Amino acid sequence: MEYGNVLVIGNSGVGKSTLINAVLGNDVKEKALAGTGTSGTTKELKIYESDAIPFRIIDTIGFEPSIFKRHAAIKAVKKWSKESAKDENSDKKINVIWFCVEGTSSKLFPESIKSLSKATALWKSVPVIVVITKSYSVPDREANMQMVRSAFAAQKHYAKNLKGVIPVVAKTFTLNDTAFAAPEGISELIDATNAVMPEGIKAAAKDISAFKLNRKRALAQSVVGASTVGGATVGAVPIPIADAMILSPIEVLEINSIAKIYGIKDNEESKRFINSIVEVGTASAAAKAAISALKAIPGINLAAGVLNAVIAAGFVAAIGEGSIYAFEKIYLGEKTLDDIDWIKKFMESRLSSEFVDKVGKGMQKVAESGGGKNMAAMISSVVVQLFAPGGGKN
Ligand SMILES: Nc1nc2c(ncn2[C@@H]2O[C@H](COP(=O)(O)OP(=O)(O)O)[C@@H](O)[C@H]2O)c(=O)[nH]1
Ligand SMILES: [Mg+2]
């Protein structure tokens, strides 16, 4: 079985370090944090291992009640998570989260859960076990567990991750000469952790892929944004453009840049694929039909140059968004670069009547805005919004 990582999180003083000591026994080895040294991360995180248990434990030592220090701890966990997402073979994955709350101050549960969700935002589906620390009072346990469950139920994204609520006493708590609370709950916690570990290993892999895909999407969107400004700039010619050939260099650069983001290798096969996209976006019957339809839209009060700029921006944005979708399919292994028929049909469909509607809306919006200093940037932001996923609905 794969060796997993448990992140222990919770405010300072709740008993995280005491809990970790109890779990690891005397056999504790503190591991150096890989690749930190120079950064401030080591201050905020510590990794422990023991031969006695099949997982590493990461202590987050900076979760102070003070907002400033807590912020630093949240940042440290986020930074560590991102490093993990970048490095394929990293052991910096978080597979299970122990979220510690103090059995004696349960009023703070909802507030603490908010900080938890911020710090661990990358690990959206990783199992969470809530540990109620210092659970000395047996009569309070049931109410505390109930409070934790309802605090989690109120959290949209984390509710489903809650896999257990375990009250523990990590070391003997002496009340007076005759009364004490003996350690308990530690082996239950280890068992519960082992039980969810296989699920946690899958969840971490899934969360890292989702994180990477989101990063790629964001980068690719910025390429589309910049290219669309370029499209609006070169398109702003007062002579009516018969076809979209004028956009060819911008589209080539745009599509190549997006392909690179999705790790598409530069070879004959990818060139053929990219050329098919450019062809549809510049010289195809679909492109020509779209231009004719757009020029025939009545009642648009725009100078010829501005009208052309909006149309050009529309082409570059549509081709860019289509390319993001296509390269994502290839990146995910759902399509291949030799699927030329598919990409042509798909790109042509991006220039259909829906395209004409969106660009028409863009013309209207640009006409209403009355222009400004940087026309190309304004046109681009209007058009990109219409073509971005989920855009153009109103
Ligand atoms: N007796 C007893 N003391 C505890 C227990 N858990 C935490 N403490 C005490 O609470 C204080 C804070 O604990 P610590 O583990 O340092 O909290 P951390 O800041 O979350 O790491 C220390 O004085 C611990 O000895 C427990 O289960 N039993
Ligand atoms: Mg500590």
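General remarks:
- Relative to the longest principal axis of the Cα atoms of the chain, the long axis of helix 186-235 lies at roughly 20 degrees.
- Per residue solvent-accessible surface (Å²) - segment 239-375, probe of 1.4 Å: 47
- Placing dummy labels 7 Å off each Cα toward the beta-carbon, the span from Lys156 to Ser369 is 2.9 nm.
- Size of charge dipole - the chain - debye, nearest 20, with Cβ of Lys, Arg +1 and Asp, Glu -1, no other charges: 880
- Computed helical MRE - 222 nm, the chain, DSSP H runs ≥ 4 contributing -39500 (n - 2.57), nearest 500: -18500 deg cm²/dmol
- Order by protection proxy (mean Cβ within 10 Å, highest first), peptides 180-189, 161-170: 161-170, 180-189
- Selection from Ser276, Gly25, Ala218, by position along the positive dipole direction of the chain (Cβ): Ala218
- Summary of packing: across the peptides 291-303, 264-276, the per-residue average of other C-beta atoms within 10 Å ranks them, highest first, as 264-276, 291-303.
- Area accessible to solvent at Glu111, 1.4 Å probe radius, in Å²: 100
- Once the Cα gyration tensor of the chain is diagonalised, semi-axes √(5λ) in Å: 56, 22, 17
- Beta-bridge orientation, segment 118-227: approximately 40 percent antiparallel, per DSSP, counting only bridges with both partners inside.
- For the listed peptides 220-230, 195-205, a ranking on the average number of other beta carbons within 10 Å per residue, highest first, reads 220-230, 195-205.
- With both residues required to sit in the chain, DSSP beta bridges show an antiparallel share near 35%.
- Taking the accessible area of the chain, probe 1.4 Å, and keeping the other protein chains in place, the carbon and sulfur fraction comes to 56%.
The values are calculated or read from the model by the stated rules, or taken from the named source; none is laboratory data. Treat the numbers as computed from the prediction; the structure is a model and nothing was measured. Every residue, glycine as well, gets a Cβ built from its backbone with ideal geometry; the counts of neighbours run over all protein chains shown. SASA here: full protein model, heavy atoms, side chains in, ligands and nucleic acids out. Shrake-Rupley method; radii C 1.70, N 1.55, O 1.52, S 1.80 Å.
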